[in-house]
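Input: one structure, supplied below.
The values are calculated or read from the model by the stated rules, or taken from the named source; none is laboratory data. Please read these numbers as outputs of a predicted model, since none were measured by experiment. Quick reminder, even Gly has a Cβ in these numbers, built from the backbone with ideal geometry, and neighbours come from all protein chains shown.
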Amino acid sequence: MATEYLQYLKKLLEIAVKEEASDLDISVGHVPNIRITGQLVPLSQEKVIEAKDSEGIAFSILSETQKKKFLQEQEIDFSYEYEDKGRFRVNAFFQRGSISLALRFIPSKIRTIEELSLPPVLHDFTSRPQGLILVTGASGQGKTTTLAAIIDEINHTRAVHVITIEDPIEYTYPLDRAIIDQREVSIDTSSFASALRATFRQNPDVIMVGEMRDLETISTTITAAETGHLVFATLHTNSAAQTIHRIVDVFPGDQQNQIRFQLASSLLGIVSQRLIPRIKGGFIPVCEVMLCNNAVSTLIREDKTHEIPAVIETSSKEGMISLSRAMVDLVRRKEISLKNATDYALDSNEVRNLLR
């Protein structure tokens, strides 16, 4: 029976890949749905999923260890490799006593910074010897894909040792100039924090942290950047200023001043991105880029992060990009509509004023 469920899942995944869908959703009481350019599309030719179906599908791709963890915690993240077509990031969870699955397609080919329409200044991050670079944004806004493009460029251009800590592993990298060791939380390590502590004994040049989830992970990430490593990490924040606030606020009050000084000296830049619907279909990333120059470092040390947007706005010659100007540029190039620009902007009035 497990084989039958696995074959049925592979049939659904084949449809998702063929239709260039970003996601496949399996939920009891509904036919399977795929997401194409942001819109859910029901696979109406398929049967309605019953509780035994979703359970059979989930258990057909879970190892015994993963199954035990899933039944204990009632949700689990893992990755599933679908032949040579790509990988799927899977979240299985319980709802109203039955199992649902959300599968996100991860293409086997890692796209470049240019192919993703990301700002060219991101190339500069790949050659830096040490420091901290943060890629931020809400869930599902392409942070992992952006980091993969950066790490893959390092892979093709530098003979360095890269260690990634992910939950789960999404993109995998071809053999090239770099040695890339990818560690998956719960399979290769118990947690982000323990894996990060261990990296200091693993001779890395570059470290990629899939997500800074807690105080210990954030603290160790900053320390790694201070001690001669190039560190990339993600955070669920919407702007550079908000990112600084979030990091500092995680720490107790008596440690916050020290963290500001550590950030001011180790931070290289913050890329805050969101995916906006393209006029011609699909999505395009819109990025705010903050580079930690002397002015920004001073504002961080002096707890004046609310002034960072003004520095970004006036430092375009250095490669900084404000979110509003990035939106306006895409509107003028007819990549996105004015409505979407104002809907997704941090300050819709500023976007309208810049377009006048």
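Listed residues GLY131, GLY140; which is modelled with pLDDT under 95 and not assigned by TED's automatic domain parsing to the domain that holds ALA16?
On the way: GLY131 fails: modelled with pLDDT under 95.
After applying the criteria, what remains is GLY140.
So which residues in the range 238-252 are farther than 13 Å from THR305 by Cα and either modelled with pLDDT of 95 or more or surrounded by 21 or more Cβ atoms within 10 Å (Cβ to Cβ) (or both), if there are any at all? Steps first, answer last, please.
Here is the first cut: in the range 238-252, the ones farther than 13 Å from THR305 by Cα are 238, 250-252.
Those that are farther than 13 Å from THR305 by Cα and either modelled with pLDDT of 95 or more or surrounded by 21 or more Cβ atoms within 10 Å (Cβ to Cβ) (or both): VAL250, PHE251, PRO252.
I've got another one for you. For a quick check of your reading: which strands (runs of 3 or more DSSP E) sit entirely within the range 179-236 and have at least 2 residues that are surrounded by fewer than 21 Cβ atoms within 10 Å (Cβ to Cβ) and of a type in the set (Asp, Glu)?
By residue number, 179-184.
Output the residue which, of all residues in the range 311-329 that are without any contact (Cβ under 8 Å) to a residue 12 or more places away in the chain and among the charged types (D, E, K, R), is surrounded by the fewest Cβ atoms within 10 Å (Cβ to Cβ). Can you show your working first?
Let us first name the residues in the range 311-329 that are without any contact (Cβ under 8 Å) to a residue 12 or more places away in the chain, namely 314, 316-317, 329.
Within this subset, residues satisfying the condition of being among the charged types (D, E, K, R) are 317, 329.
Working: LYS317: 6, ASP329: 15.
Across the range 311-329, the extreme among qualifying residues is LYS317.
Something else now. Just checking, which of GLU73, GLU83 is in contact with a helix residue (DSSP H, G or I) (Cβ under 9 Å, 6 or more places away or on another chain), exposed (fewer than 15 other Cβ atoms within 10 Å of the Cβ) and either at pLDDT below 95 or not small (Gly, Ala, Ser) (or both)?
Every option except GLU83 fails the conditions.
Which of the residues belonging to the range 181-201 are farther than 27 Å from LYS67 by Cβ, of a type outside the set (D, E, K, R) and in contact with an Asp or Glu (Cβ under 9 Å, 6 or more places away or on another chain)?
The answer is LEU196, and nothing else.
Taking the range 325-345 only, how many residues are outside any helix (DSSP H, G or I) and of a type outside the set (Asp, Glu)? If you could, list the steps in order and put the result at the bottom.
Of the residues in the range 325-345, the ones outside any helix (DSSP H, G or I) are 333-337, 345.
From what's left, of a type outside the set (Asp, Glu): 333-334, 336-337, 345.
Count: 5.
I've got another one for you. Which condition number does GLN255 fail, the rest of (1) without any contact (Cβ under 8 Å) to a residue 40 or more places away in the chain; (2) within 17 Å of ALA326 (Cβ to Cβ); (3) of a type in the set (S, T, N, Q) being met?
(2)
For the structure I just gave you, tell me whether GLY269 is over 20 Å from the mean Cα position of the chain (by Cα), among the small types (Gly, Ala, Ser) and assigned by TED's automatic domain parsing to the domain that holds ARG128.
Numbers: over 20 Å from the mean Cα position of the chain (by Cα): no; among the small types (Gly, Ala, Ser): yes; assigned by TED's automatic domain parsing to the domain that holds ARG128: yes.
Against the criterion (over 20 Å from the mean Cα position of the chain (by Cα), among the small types (Gly, Ala, Ser) and assigned by TED's automatic domain parsing to the domain that holds ARG128), GLY269 does not qualify.
Tell me whether the range 131-148 contains one or more residues that are farther than 30 Å from ARG278 by Cβ and exposed (fewer than 15 other Cβ atoms within 10 Å of the Cβ). Walk me through how you get there before you give the answer.
Here is the first cut: in the range 131-148, the residues farther than 30 Å from ARG278 by Cβ are 131-132.
Then drop every residue that is not exposed (fewer than 15 other Cβ atoms within 10 Å of the Cβ), which leaves none.
The answer is no, given that none of the residues of the range 131-148 is farther than 30 Å from ARG278 by Cβ and exposed (fewer than 15 other Cβ atoms within 10 Å of the Cβ).
Next question, about the same structure. In this structure, is SER191 modelled with pLDDT under 95 and at positive phi?
Values: modelled with pLDDT under 95: yes; at positive phi: no.
So SER191 fails the test.
While we're on this one: Looking at GLY253, GLY210, which one is under 25 Å from ASP124 (Cα atoms) and either under 16 Å from the mean Cα position of the chain (by Cα) or outside the structural domain of LYS69 (by TED's automatic domain parsing) (or both)?
Values: GLY253 fails: under 25 Å from ASP124 (Cα atoms).
Exactly one of GLY253, GLY210 is under 25 Å from ASP124 (Cα atoms) and either under 16 Å from the mean Cα position of the chain (by Cα) or outside the structural domain of LYS69 (by TED's automatic domain parsing) (or both), namely GLY210.
Among the residues of the range 17-65, write down those that are hydroxyl-bearing (Ser, Thr, Tyr) and either part of a loop (DSSP other than H, G, I, E, B) or under 25 Å from the mean Cα position of the chain (by Cα) (or both).
Within the range 17-65, SER22, SER27, THR37, SER44, SER63 qualify.
Moving on. Checking ILE308 against (1) over 30 Å from PHE261 (Cβ atoms); (2) part of a helix (DSSP H, G or I); (3) touching a residue at least 60 places away in the same chain (Cβ under 8 Å): exactly one of these is not met. Which one?
Status for ILE308: all satisfied but (1).
Of (1) free of Cβ contacts under 8 Å to residues at least 60 places away in the same chain; (2) among the hydroxyl-bearing types (Ser, Thr, Tyr); (3) assigned to a loop (DSSP other than H, G, I, E, B), TYR171 satisfies all except one. Which?
Tallying (1) free of Cβ contacts under 8 Å to residues at least 60 places away in the same chain; (2) among the hydroxyl-bearing types (Ser, Thr, Tyr); (3) assigned to a loop (DSSP other than H, G, I, E, B), TYR171 fails exactly one: (1).
Also, quick follow-up: Only residues that are of a type in the set (Asp, Glu) and within 17 Å of PRO309 (Cβ to Cβ): list them for the range 330-349, please. Spell out the reasoning first.
Of the range 330-349, the ones of a type in the set (Asp, Glu) are 335, 343, 347.
Within the range 330-349, ASP347 is the sole residue that qualifies.
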